[in-house]
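The values are calculated or read from the model by the stated rules, or taken from the named source; none is laboratory data. Only a predicted model underlies this, so the values are computations on that prediction, with no experimental measurement involved. Backbone-built Cβ (ideal geometry, glycine too); neighbour counts: all protein chains shown.
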Amino acid sequence: MNYKKSQLILDEIKKANKILLNCHRSPDPDSVGSALSVFQILKQLGKDDVTIISPDDIPQNCKFLPNSELIQKTDFDIFDFSAYDTFIITDSGNWSQITGKDRILSSKIKTIVLDHHYTNINYGDFNIVDKSVGSACEVIYKLISDFGLKINKELAETILTGIIADTISFQTDLIGESAFSYADILIKAGADRNKIIFNLYKSRPFDEIQLMGKILSKSRIEKEYRFVWSAISKEETKGYPDSQDAKTSVVSSYMQSVRGTDFGFVLEEKEGFSSVSFRSRTDFDVSKIAEELGGGGHKSAAAARLIKISFDEAVEKVLSVCRKYAKKS
């Protein structure tokens, strides 16, 4: 048994009638993959009344996953939670990450939290927060084993997508033997690694490539504080409508590879807020910066959302906190 609470959670699921699943704000492949994996588990358990909601559209590179078309973009301010008795929450460290809003849900719905972020505050009625793994999909994999369920091709592919993406192709700090062994088992179960890689990394819209170039052209390096950064306003992104993942692509592929730096970030202005993503190049802990800004994540990869301040103020605030935590040269 991987988790002591697995049987308890299985019992709660079996008792549930109408189940709600989530993708977190600005959903990434691990968020989408973990939600869809739980959806497939529920189907195996005979649960047919299941709804998946997300505060934002899922990224294009996740739409190849089975059942991704069932994920509903939802305004949490008006969503009727009273129609459901159980909410299974994956890959979300707090309520703000679930809803995309700076508030706590006032709902009596029973909550089961399945996560891997060490910043998770155990806010569910039932919590499995495994801080030793690099993705929520690994938590789901271990639960499947505890539940005694089978992994078919679709489930294997969905879980492996989350593992590959959230570990940045096995580069993050929480990569032990388990991630590789799970990947091997999932591939043997039918997951098509080439298909996953093609969709995650080799299917970018041209708009995204162009906006990535623009973000890179605006990048700056703070040599004294050993970090690199870029910020782009919503006015500058207007001409690139099909570029949802540009920020994440730049920060993951380039900002963590600049010689002479410990970390990097990209900040993008959205409608009503600014979103910032951090990546570490060395052993620098970027989650501390994200936490101070109201976000969270991992030592090597973290993010935050800044609301109620202007784009320029958001840039200055992020820079100030980065300088506070940075290791000076």
- [ ] Tell me, yes or no, whether the range 214-233 has at least one residue that is buried (at least 18 other Cβ atoms within 10 Å of the Cβ), modelled with pLDDT under 95 and either small (Gly, Ala, Ser) or farther than 22 Å from Phe263 by Cα (or both).
- [x] no
Task: Sole exception among (1) modelled with pLDDT under 95; (2) among the charged types (D, E, K, R); (3) surrounded by 14 or more Cβ atoms within 10 Å (Cβ to Cβ); (4) under 21 Å from Ser249 (Cβ atoms) for Asp285, by number - done: (4)
Task: Members of the range 40-57 found to be within 21 Å of Asp75 (Cα to Cα), modelled with pLDDT of 95 or more and either surrounded by 20 or more Cβ atoms within 10 Å (Cβ to Cβ) or of a type in the set (A, V, I, L, M, F, W, C) (or both), listed by number - done: Val50, Ile52, Ile53, Ser54
Task: The one condition in (1) buried (at least 23 other Cβ atoms within 10 Å of the Cβ); (2) assigned to a strand (DSSP E or B) that Arg305 fails to fulfil - done: (1)
Task: the range 234-261: number of residues that are assigned to a helix (DSSP H, G or I) and either buried (at least 17 other Cβ atoms within 10 Å of the Cβ) or among the β-branched types (Val, Ile, Thr) (or both) - done: 10
TODO: Determine whether the range 226-236 contains at least one residue that is in contact with a Cys (Cβ under 9 Å, 6 or more places away or on another chain), touching a residue at least 24 places away in the same chain (Cβ under 8 Å) and either over 18 Å from Ile168 (Cα atoms) or not assigned by TED's automatic domain parsing to the domain that holds Val321 (or both).
DONE: yes
Task: Residues located in the range 1-47, provided they are touching a residue at least 24 places away in the same chain (Cβ under 8 Å), small (Gly, Ala, Ser) and farther than 15 Å from Asp85 by Cβ - done: Ser6, Ser26, Ser31, Gly33, Ser34, Ala35, Ser37
- [ ] Could you check Ala189 against (1) crowded, with 19+ Cβ neighbours inside 10 Å; (2) closer than 26 Å to Tyr141 by Cβ and say which number it fails?
- [x] (1)
TODO: Name every residue in the range 69-83 that is surrounded by 18 or more Cβ atoms within 10 Å (Cβ to Cβ) and at pLDDT 95 or above, in order of residue number.
DONE: Ile71
Task: Identity of the residue in the range 269-278, free of Cβ contacts under 8 Å to residues at least 40 places away in the same chain and surrounded by 23 or more Cβ atoms within 10 Å (Cβ to Cβ), that ends up farthest from Ser26 (Cα to Cα) - done: Phe278
